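S.K.: Could you have a look at this structure, given as structure tokens, before my questions?
The values are calculated or read from the model by the stated rules, or taken from the named source; none is laboratory data. Note that this is a predicted model, so its numbers are computed, not measured. Because the Cβ atoms are built from the backbone with ideal geometry, glycine has one as well, and the counts that use them run over all protein chains shown. Just so you know, the surface numbers come from the protein's heavy atoms only, side chains and all, with ligands and any DNA or RNA stripped out. Shrake-Rupley method; radii C 1.70, N 1.55, O 1.52, S 1.80 Å.
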Amino acid sequence: MFARSAVRAVAQPSSRLFSSSAARNFKVAVLGAGGGIGQPLSLLLKQDPLVTSLSLYDIRGAPGVAADVGHVDTASEVNGYAADQLDQALEGVKVVVIPAGVPRKPGMTRDDLFNTNASIVRDLAAAVAKSAPEAHILVISNPVNSTVPIVANTLEKADVFDPRRLFGVTTLDVVRATRFLAGVTDAKPSDTPVTVVGGHSGPTIVPILSQANGGKSVTGEKLDALVHRIQFGGDEVVKAKDGAGSATLSMAYAGAKFTNSLLRGLNGEKGVITPTFVKSPLYADQGVDFFASNVELGVDGVEKIHPIGELTAEEQKLLEAAIPELKKNIEKGKNFV
Ligand code: NAD
Ligand code: LMR
């Protein structure tokens, strides 16, 4: 139907975001599909060749989003589910992505969202425990440092918790760090991937710039400014949106990118490694039992949690500042359930 060059022009953007080999059947659900993240995320997942079926659920608007996204000419099928159809939305689902919940307004911290989002995430996790107990759960809803432990404890209570299948999505920090480092070093972002460890809020976001290409060339005040921009990139968007919410489009991109990495691992591809916030032994002796670091993804989800490697003195300081804050956030989540 298309001339060869036209096909290539259309295919390029998605092939940069997604890669795949021979695919198994992967049904993916988005809970919160009607929202600022949920809608573009659903659209991007519709373009992922590894997604064979999309289940879109929200307390409002998901059937409309599904009808719209469902017209995109890729092979996957799309179904939308209304507020009272959560169990049906989760039937046979392999991966559940959760962007449901309220976003920040200027002046708020992510922790200020806890009171509203904690119960939303807990209730959705309980539904997954009941209807899709073997699904992999990707948590986007903030505060991620607390919502992930909430999901873990909810699944544990239902006796279906497998730490290999629970992920806090911290990919936006990686995307920002990569983009911002490329900006200050005048490089291509594809040449400057950055590992970001810790958690997902202000001082708990710890970019390991010294391990990235060109990262060591940034020093002094320039380094401080770069680290600050990575740690507080979310605030930049909240401020610019001026009361209309937080990052949605870059988050949808990051969410689709992480989902694709997980699906590639589940599909048997080897060597898929990316940072994500998981139940982790790395700092458990300091009371931090969830931590983001490079994780190898495989057919069962988390295959290997990589240590964070050598740090500079500055990075060591950032990590030391992150640990107590992270511990507090995790305990708050655990105590909620
Ligand atoms: P939004 O308000 O635009 O959308 C949220 C959606 O969730 C709405 O459509 C709403 O109807 C739905 N929802 C609410 N309760 C629900 C429930 N019980 N079941 C299903 N759906 C429900 O918000 P947004 O901008 O899409 O942000 C969503 C969340 O993602 C926020 O908590 C935000 O802080 C977080 N976020 C996280 C990251 C990250 O890096 N992890 C990045 C950006 C935003
Ligand atoms: C982000 O990093 O953009 C998100 O966590 C949303 C926010 O509240 O900043």
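S.K.: If you check Phe258 against the conditions, is it open to solvent by 20 Å² or more (accessible area, probe 1.4 Å) and within 16 Å of ligand 1 (Cβ to nearest atom)?
M.R.: no
S.K.: Can you confirm whether Phe167 is farther than 26 Å from Leu226 by Cα and within 16 Å of ligand 2 (Cβ to nearest atom)?
M.R.: Yes: the conditions hold for Phe167.
S.K.: Now, a different point. Kindly list the number of the only condition in (1) in contact with a helix residue (DSSP H, G or I) (Cβ under 6 Å, 6 or more places away or on another chain); (2) over 24 Å from Asp159 (Cβ atoms) that fails for Phe336.
M.R.: Evaluating Phe336 over (1) in contact with a helix residue (DSSP H, G or I) (Cβ under 6 Å, 6 or more places away or on another chain); (2) over 24 Å from Asp159 (Cβ atoms) leaves (2) as the failure.
S.K.: Against the condition open to solvent by 10 Å² or more (accessible area, probe 1.4 Å), charged (D, E, K, R), closer than 25 Å to Lys105 by Cβ and without any contact (Cβ under 8 Å) to a residue 12 or more places away in the chain, how does Glu236 come out, does it pass?
M.R.: Yes: the conditions hold for Glu236.
S.K.: Please find, among Glu315, Glu331, the residue that is part of a helix (DSSP H, G or I), open to solvent by less than 60 Å² (accessible area, probe 1.4 Å) and acidic (Asp, Glu).
M.R.: Every option except Glu315 fails the conditions.
S.K.: In addition: Return the residues of the stretch 150-164 that are open to solvent by less than 40 Å² (accessible area, probe 1.4 Å) and either basic (Lys, Arg) or under 21 Å from Ile37 (Cβ atoms) (or both); say none if nothing qualifies.
M.R.: Those that are open to solvent by less than 40 Å² (accessible area, probe 1.4 Å) and either basic (Lys, Arg) or under 21 Å from Ile37 (Cβ atoms) (or both): Ile150, Val151.
S.K.: Can you tell me how many residues within the stretch 112-130 are open to solvent by 20 Å² or more (accessible area, probe 1.4 Å), near ligand 1 (Cβ under 10 Å from one of its atoms) and among the small types (Gly, Ala, Ser)?
M.R.: The total comes to 1.
S.K.: Which members of the stretch 295-337 meet the condition of being under 22 Å from the mean Cα position of the chain (by Cα) and small (Gly, Ala, Ser)?
M.R.: Matches in the stretch 295-337: Gly298, Gly301, Ala322, Gly333.
Every residue, every condition in (1) away from ligand 1 (no atom under 16 Å from the Cβ); (2) surrounded by fewer than 16 Cβ atoms within 10 Å (Cβ to Cβ); (3) at pLDDT 95 or above; (4) not aromatic (Phe, Trp, Tyr), yes or no:
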site: Leu166; (1), (2), (3), (4): no, no, yes, yes
site: Asp173; (1), (2), (3), (4): no, no, yes, yes
site: Ala182; (1), (2), (3), (4): yes, no, yes, yes
site: Thr192; (1), (2), (3), (4): yes, no, no, yes
site: Val197; (1), (2), (3), (4): no, no, yes, yes
site: His200; (1), (2), (3), (4): no, no, yes, yes
site: Thr204; (1), (2), (3), (4): no, no, yes, yes
site: Leu209; (1), (2), (3), (4): yes, no, yes, yes
site: Ser217; (1), (2), (3), (4): yes, yes, yes, yes
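S.K.: Out of everything in the stretch 219-233 that is without any contact (Cβ under 8 Å) to a residue 24 or more places away in the chain and of a type in the set (Gly, Ala, Ser), what residue ends up being nearest to ligand 1 (Cβ to nearest atom)?
M.R.: Quick first cut of the stretch 219-233, residues without any contact (Cβ under 8 Å) to a residue 24 or more places away in the chain only: 219-221, 224-225, 228.
Cutting the leftovers down to of a type in the set (Gly, Ala, Ser) gives us 220, 225.
Numbers: Gly220: 29, Ala225: 21 Å.
Checking each candidate, the answer is Ala225.
S.K.: Please determine, by comparing only the residues of the stretch 123-149 that are of a type in the set (A, V, I, L, M, F, W, C) and within 16 Å of ligand 2 (Cβ to nearest atom), which one is nearest to Val197 (Cα to Cα).
M.R.: First pass over the stretch 123-149, keeping only residues of a type in the set (A, V, I, L, M, F, W, C): 124-129, 132, 135, 137-140, 144, 148.
From what's left, within 16 Å of ligand 2 (Cβ to nearest atom): 138-140, 144, 148.
Values: Leu138: 17, Val139: 16, Ile140: 16, Val144: 13, Val148: 15 Å.
Ranking the candidates gives Val144 first.
S.K.: Could you please find all residues in the stretch 88-111 being in a helix (DSSP H, G or I) and open to solvent by 10 Å² or more (accessible area, probe 1.4 Å)?
M.R.: Listed by number, the residues that qualify are Gln88, Arg110, Asp111.
S.K.: Among the numbered criteria (1) farther than 19 Å from Gly202 by Cα; (2) surrounded by 22 or more Cβ atoms within 10 Å (Cβ to Cβ); (3) out of contact with any Pro (no Cβ under 9 Å at 6 or more places or on another chain), which one does Gly268 miss?
M.R.: Every listed condition holds for Gly268 apart from (2).
S.K.: Exactly one of (1) more than 16 Å from ligand 2 (Cβ to nearest atom); (2) farther than 27 Å from Asn25 by Cβ is unmet by Ala158. Its number?
M.R.: With respect to (1) more than 16 Å from ligand 2 (Cβ to nearest atom); (2) farther than 27 Å from Asn25 by Cβ, Ala158 is out only on (2).
S.K.: Within the stretch 275-316, can you find the residues that are of a type in the set (S, T, N, Q) and in contact (Cβ under 8 Å) with a residue 24 or more places away in the chain?
M.R.: Across the stretch 275-316, the qualifying residues are Thr276, Ser280, Gln286, Ser293, Asn294, Thr312.
One line per residue, one yes/no per condition, for (1) within 19 Å of Arg176 (Cα to Cα); (2) assigned to a helix (DSSP H, G or I):
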{"residue": "Ala254", "(1), (2)": "yes, yes"}
{"residue": "Gly265", "(1), (2)": "no, yes"}
{"residue": "Pro275", "(1), (2)": "yes, no"}
{"residue": "Leu297", "(1), (2)": "no, no"}
{"residue": "Lys304", "(1), (2)": "no, no"}
{"residue": "Leu319", "(1), (2)": "yes, yes"}
{"residue": "Lys327", "(1), (2)": "no, yes"}
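S.K.: Separate question: Applying the selection to the stretch 35-83, what residues are open to solvent by 40 Å² or more (accessible area, probe 1.4 Å) and assigned to a strand (DSSP E or B)?
M.R.: Hits for the stretch 35-83 are Glu77, Asn79.
S.K.: Go through (1) open to solvent by 10 Å² or more (accessible area, probe 1.4 Å); (2) more than 10 Å from ligand 2 (Cβ to nearest atom) and name the single condition Ser246 misses.
M.R.: Unmet condition: (2).
S.K.: Another question, then. Being within 16 Å of ligand 2 (Cβ to nearest atom) and within 19 Å of Glu310 (Cα to Cα), is that true of even one residue in the stretch 206-213?
M.R.: yes
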